[in-house]
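Inspection log for the structure reproduced underneath, given as structure tokens.
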Amino acid sequence: MDIVLTLVVNPGQAAVLEKAVINLHDSITESKFQIATLSPGRAVDIHFSAESVADVNAGIANSLILSPNVDWCVQENGAMRRKAMLIADMDSTMITVECIDELADFVGAKDKVSEITEAAMRGDLNFDSALRERVALLKGLPVEQLDACYHDRIEIMPGARTLVQTMVGNGKFAALVSGGFTFFTEKVSKQIGFQSNRANILEIEVGKLTGNVIEPICGAEAKLEALNDYCGQLSIDPNAVIAVGDGANDIPMIQAAGLGVAFHAKPKTAAAAHAAVGNGDLTTLLFYQGYREAEFISD
């Protein structure tokens with residue numbers, strides 16, 4: 001099987017990357033070893049033959065070949081490497097915060113809500129129930145505070161715009177699917193360049209949150225359903241999808257995608273994903289698909 005192993009480090013860590021390549025070269029002796037540079041001193045593809053992706057993944061994960069400062073991805077090298085669709089989580093993936101935690105700060109409940117959020121993202125709590133519990137604590141919050149939260153608290157994750165702009169610019173489809181709220185996904189989607197978005201809807205009456213979320217909830221199964229819906233609408237095979245997220249509610253869509261990536265993720269999510277990003281920014285997903293830095297699109 002033709003295998004491609006992508007190694008990515010942060011800018012300024014060329015020596016770490018060089019050492020990783022040397023260590024791998026010494027370890028992979030049974031087949032021809034070819035290196036293609038994706039970004040000088042930052043990202044390379046290593047091509048070789050192996051029995052299976054799973055065997056290579058296990059060999060790397062269970063050894064000390066690679067430094068913890070190296071992000072890596074093992075795939076079968078083929079036509080579907082550059083994915084036709086990106087489906088992405090929003091909170092703590094495409095943006096740097098959890099919107100519901102920031103909203104809770106406006107009602108003095110951030111500590112309590114953050115604790116529930118963390119447990120839900122780890123997979124220790126049922127996501128749907130945890131969401132209802134947290135939204136209930138927002139009862140009475142004026143809609144104007146949602147605007148204030150968006151303008152004052154929301155920051156785009158480094159590399160997000162480049163990831164989406166590059167894929168869309170190459171004719172791919174990008175969808176934002178969040179366990180958060182449409183109030184934010186609609187704005188973030190436009191800001192980054194996604195072509196579609198789905199999320200939960202907050203119930204509002206007389207300009208204030210009622211403390212309810214409109215059913216059905218966009219949780220783990222809804223994210224998987226969204227992936228399948230988009231694939232059906234666009235006649236895209238799930239193997240031609242790259243999915244990215246950080247929480248336990250992202251696991252079903254991550255596992256269903258051809259390449260599911262855990263981004264600075266909770267342990268349960270990282271363990272379920274095909275690959276992870278623990279050091280770099282979201283442009284790492286472009287390197288994993290074989291894009292060279294010279295091909296990146298960013299405005």
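The values are calculated or read from the model by the stated rules, or taken from the named source; none is laboratory data. Predicted, not measured: the structure shown is a model, and the values here were computed from it. Cβ placement follows ideal geometry from the backbone for every residue including glycine, while neighbour counts extend to all protein chains displayed.
Brief remarks on what is shown
- Scoring Tyr230 on the criteria (1) free of Cβ contacts under 8 Å to residues at least 60 places away in the same chain; (2) surrounded by 19 or more Cβ atoms within 10 Å (Cβ to Cβ); (3) hydroxyl-bearing (Ser, Thr, Tyr) leaves a single failure, condition (1).
- If you check Ala257, Ala240, Ala220, Ala226 for being at pLDDT 95 or above, closer than 14 Å to Ala275 by Cα, in contact with a helix residue (DSSP H, G or I) (Cβ under 9 Å, 6 or more places away or on another chain) and aliphatic (A, V, I, L, M), only one passes: Ala257.
- In the set Gly219, Gly180, only one residue is in contact with an Asp or Glu (Cβ under 9 Å, 6 or more places away or on another chain), closer than 15 Å to Met94 by Cα, of a type outside the set (S, T, N, Q) and buried (at least 16 other Cβ atoms within 10 Å of the Cβ); that residue is Gly180.
- Of the residues screened, Glu225 is not one that is outside the structural domain of Val56 (by TED's automatic domain parsing), under 21 Å from Glu98 (Cβ atoms) and surrounded by fewer than 23 Cβ atoms within 10 Å (Cβ to Cβ).
Matching residues to (1) assigned by TED's automatic domain parsing to the domain that holds Val213; (2) surrounded by fewer than 15 Cβ atoms within 10 Å (Cβ to Cβ); (3) farther than 30 Å from Gly179 by Cα:
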| position | (1), (2), (3) |
| --- | --- |
| Ile28 | no, no, yes |
| Val44 | no, no, yes |
| Ser52 | no, yes, yes |
| Val107 | yes, no, no |
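- Residue that is farthest from Thr284 (Cα to Cα) [pool: residues in the stretch 75-105 that are surrounded by 22 or more Cβ atoms within 10 Å (Cβ to Cβ) and small (Gly, Ala, Ser)]: Ala104
Conditions tested, residue by residue: (1) more than 14 Å from the chain's Cα centre (by Cα); (2) touching a residue at least 24 places away in the same chain (Cβ under 8 Å); (3) part of a strand (DSSP E or B).
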site	(1), (2), (3)
Phe184	yes, yes, no
Lys190	yes, no, no
Ile201	yes, no, yes
Thr210	yes, yes, yes
Asn249	no, yes, no
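- Residue that is farthest from Pro68 (Cα to Cα) [pool: residues in the stretch 20-57 that are outside any strand (DSSP E or B) and modelled with pLDDT of 95 or more]: Pro40
- Of the candidates Val16, Val4, the single residue that is in contact with a strand residue (DSSP E or B) (Cβ under 9 Å, 6 or more places away or on another chain), in contact (Cβ under 8 Å) with a residue 12 or more places away in the chain and under 21 Å from Thr283 (Cβ atoms) is Val4.
- Filter result for Ala273 (closer than 15 Å to Ala175 by Cα, among the small types (Gly, Ala, Ser) and either modelled with pLDDT of 95 or more or in the same structural domain as Ala88 (by TED's automatic domain parsing) (or both)): no
- Positions within the stretch 212-227 being of a type in the set (A, V, I, L, M) and in contact (Cβ under 8 Å) with a residue 24 or more places away in the chain, in sequence order: Val213, Ile217, Ala220, Ala222, Leu224, Ala226, Leu227
- Only a single criterion out of (1) assigned to a loop (DSSP other than H, G, I, E, B); (2) within 18 Å of the chain's Cα centre (by Cα); (3) not aromatic (Phe, Trp, Tyr) is not satisfied by Gly140, namely (2).
Here is a yes/no grid of residues against (1) among the aliphatic types (A, V, I, L, M); (2) part of a loop (DSSP other than H, G, I, E, B); (3) farther than 30 Å from Phe173 by Cα:
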position	(1), (2), (3)
Asp101	no, no, no
Met121	yes, no, no
Ser129	no, no, yes
Arg132	no, no, yes
